[in-house]
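The structure under discussion appears below in the form of structure tokens.
The values are calculated or read from the model by the stated rules, or taken from the named source; none is laboratory data. This is a predicted model, so every value here is computed, not measured. Cβ coordinates were reconstructed from backbone atoms using ideal geometry, including for glycine residues, and neighbour counts include every protein chain displayed. Areas reflect the complete protein model, heavy atoms only, side chains present, ligands, DNA and RNA absent. Shrake-Rupley method; radii C 1.70, N 1.55, O 1.52, S 1.80 Å.
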Amino acid sequence: MEHTFRHQGCVQPQQNILIFEKEGVYLHTNAKRSNQDTAIPGFIRIVERDGEPAMEVEHQFDPGYEPDWAVISTVKQERRQEHPPWGSFSLPLSELYSLRRARFSLGRNFLVLTTRGGDPLPPLHFQRGGARELLKAMQRYIRLAPSPMDGRLFLAYPHDSGALSQSFDELHLFDETSADLVSRFIQDPYATTFGGFSKVTNFFRGALPHTHQESPLSNRSPQDAHCPHPADEEPGFELITCGAELGPRPQVKRGKPLDNWDQFLDPEGRVTDPQKVKELVFRGGIVPSLRREVWKFLLGFYPWNSTTKEREDILRVKTDEYFRMKVQWKSVSEEQEMRNSLFRGYRSLIERDVNRTDRHNSFFSGNENPGLALLHDVLMTYCMYNFDLGYVQGMSDLLSPLLFVTQNEVESFWCLTGFMDLVHQNFEESQEAMKQQLLQLSVLLRALDPELCDYLDSQDSGSLCFCFRWLLIWFKREFSFEDILSLWEVLWTRLPCENFHLLMASSILESQKEELIGSNHDFNSILKHINELTMKLDLQSVLCGAEAIYLQLTHCKLPSKVQEVLGLRVPCSSSDESPNSEPKETDTLLAQSELYPSVSVSVSHSCIRFQKAFPSALSLISFQTWKIRCSGLSVSVLLQVL
């Protein structure tokens, strides 16, 4: 693609190849203030001029005062002029020295570029996303390597930098002194050894040319993706942490609801094929007349293999147990309650929430409605059943559909306990489960739509906190009451994975991408727009979209963290590690290679021997063959440390 550009205030007819262009990029003339007065909108381009790639920023601005950041028109080897004019600039990529991701006073994410002459350029803020695409375009011409001293700083090198000629001594396989090395080896021989040799992996990964290069601004491994970001680190511009090459998304249609329960029961009343039942429920739900019976199986009140007689016994025992717990709180006198602030607090909160839960539904509408009394009593009894958790706001939203369907105090209570077994962590005071789910949702969304993630990051919405209510009470306030009955029975099947509710959230967010980006929503308007989706979403479309996403993802190579969210991979835990777990250690330390389709690292043979009698506990570490294959090139390195 060829273009003629206006540059440095004059028209220069010149044929150029446009590689990348993005509008809505803001230059900030004052890093300390970082407000609207100092933000100058413009365009950013990557363009080839006579075969030399350059980054160009163009804008029209007449500030009427001397800005705090003065930038030369074209950055070359020379130093910046003492008082250069403010204008558009062009930076040959060969003159780029470093790139830093930064955050200033308003918490927004910026890219700060520095030239080889030492000149820092104005911070760039991507108002409408696009940082990922810019970096991919830049990495066609340069390599961006993380600085070993600063995790936010990335140094620029040309692809033909002769990195392969670098001495292995420069890799600093073991940076410590010999005494420190021996000490660390005694404490953790595997981590020390493989930690050193992992630098060889990074060395060849950066030195050899490859087309699927990891973005430099994603400096976290897949194993770290589930960890919360430190307070001083924003998730913005972490671009390909969970990227995946996605194939086409299949078309999905919903099925018919389960309408014949008897065909799945044997003569004694056992369910003959629970998996088939779950598949039918997942595909189409349950007809209303069967919900009361089938829900008790989905929520664990009745075992799938129980007979009709056994279920009668279970109901009798559970009824007695329920009323024993109910009597406990009913018998608490006013004087006792005055001395129990926790119990008093639970009661007060329940009474307040009951009076505003689903009052539009005829079962709970009106004053002195018996449905409200049942809602109150079941929640109070649950406090006695699980006093550590007690009552937390939102639990009344979970109970009301159960009570509406069962029309029975005892059955609704035990169905609630089964439901809470699935979601009780959502209500714990630490909120760790909710934070984890939001991080998992971010992992999914970045794999599905990095552009949308970049935009949300640019608006300080990358934490996806506006989805909190969705996940807390499983979309209870986003869909109609009747839709929630259908949705929850689908989610209770735990098909096709336990995090299907996160796939639903991803489907909803993807459906809103055009509105969010096209209308240039900021943090407040994003929150407002998401809240206004209440009762406007079509459940069947969302379910189809979520299932299609699952099928799409499961048919492509995925990073490990995405696999873990989808239940395709069991996350490794520290408890699994043992002195005999050498393959797991190797896999963990070399796992980053899975994000590089063109790079694979394998240790074909390793032998570690220890001689306890030797004072240093280090006798011999030999790695007979370390093979690194990169873009078809095989390099065998014989490494031996004595």
Item to check | Condition met for residue 297 (among the hydrophobic types (A, V, I, L, M, F, W, C) and in contact (Cβ under 8 Å) with a residue 40 or more places away in the chain) | outcome: no
Next on the checklist: Looking at (1) under 31 Å from the mean Cα position of the chain (by Cα); (2) open to solvent by less than 50 Å² (accessible area, probe 1.4 Å), which one does residue 421 not meet, given that it meets all the others?
Outcome noted: (2)
Checklist entry - Hey, does the stretch 276-284 have a residue that's surrounded by fewer than 15 Cβ atoms within 10 Å (Cβ to Cβ) and over 20 Å from residue 406 (Cα atoms)? => result yes
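Quick grid of which residues meet (1) open to solvent by 10 Å² or more (accessible area, probe 1.4 Å); (2) within 18 Å of residue 405 (Cβ to Cβ); (3) part of a loop (DSSP other than H, G, I, E, B); (4) in contact with a Phe, Trp or Tyr (Cβ under 8 Å, 6 or more places away or on another chain):
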site	(1), (2), (3), (4)
479	no, yes, yes, no
486	yes, yes, no, no
490	no, yes, no, yes
496	yes, no, yes, yes
514	yes, no, no, no
517	yes, no, no, yes
520	yes, no, yes, no
Checklist entry - Among all residue pairs at least 6 apart or on different chains, which show Cβ distances below 7 Å where the first residue, located in the stretch 24-53, is outside any strand (DSSP E or B) and the second is modelled with pLDDT under 60 and of a type in the set (D, E, K, R)? => result 29/68; 30/68; 34/108
Item to check | Yes/no for residue 369 being within 37 Å of the chain's Cα centre (by Cα) and either among the polar types (S, T, N, Q) or surrounded by fewer than 16 Cβ atoms within 10 Å (Cβ to Cβ) (or both) | outcome: no
Item to check | Residue check for residue 302: surrounded by 14 or more Cβ atoms within 10 Å (Cβ to Cβ), free of Cβ contacts under 8 Å to residues at least 24 places away in the same chain and either outside the structural domain of residue 554 (by the TED database) or part of a helix (DSSP H, G or I) (or both) | outcome: yes
Item to check | Considering residues of the stretch 347-366 that are assigned to a helix (DSSP H, G or I) and more than 21 Å from residue 472 (Cα to Cα) only, the residue most open to solvent (accessible area, probe 1.4 Å) | outcome: 348
Next on the checklist: Of the residues 382, 322, only one is within 39 Å of the chain's Cα centre (by Cα), under 30 Å from residue 429 (Cβ atoms) and at pLDDT 95 or above; which?
Outcome noted: 382
Next on the checklist: What are the pairs with Cβ atoms under 8 angstrom where one residue, in the stretch 366-378, is over 14 Å from residue 397 (Cα atoms) and assigned by the TED database to the domain that holds residue 395 and the other, located anywhere, is outside any loop (DSSP other than H, G, I, E, B) and among the basic types (Lys, Arg)? Sequence gap at least six, or different chains.
Outcome noted: 377/326
Next on the checklist: Return the residues of the stretch 522-536 that are in contact with a helix residue (DSSP H, G or I) (Cβ under 8 Å, 6 or more places away or on another chain), in a loop (DSSP other than H, G, I, E, B) and open to solvent by 30 Å² or more (accessible area, probe 1.4 Å); say none if nothing qualifies.
Outcome noted: none
